[in-house]
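Please read the structure below before turning to the comments.
Every read-out reported here was derived from the displayed coordinates using simple, explicitly stated rules and does not represent laboratory data. Keep in mind that this is a model prediction, so the values were computed, not measured. All Cβ positions, glycine included, derive from the backbone under ideal geometry; neighbour counts span all protein chains shown.
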Amino acid sequence: MSRLLKNIRIGLVLPSAPGYSETFFRSKISGLQANGASVVVFAAHPDRGKEAVSFQLQYAPKLNGSPLLVACRSVLVLFNAFLFNYKASRRYL
């Protein structure tokens, strides 16, 4: 099979990481990877067990506390994302 999606990163935003029985997402992810794409799954919370996954998995940070503290943490996370990934994020500026 040809590498149609070489050097492309695709992010999927899901409420949780796809479990073993969720074959739709797992087959889509493996199909994208078979065509050369790098897949990252962004999940809101880690409510699944420790299952072996073939993709990169990122969880959303917990934002608890006062609204001012949550706003400060959010700004800090965005600042770190732009600072440490400047090449990739400068196109959004």
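Values computed for the structure shown
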| item | result |
| --- | --- |
| Gained length - residue 78 relative to residue 7, 0.36 nm times residue gap less alpha-carbon distance | 23.1 nm |
| R0 of 25 Å, Cβ-Cβ distance residue 63-residue 86: FRET efficiency to nearest 0.05 | 0.55 |
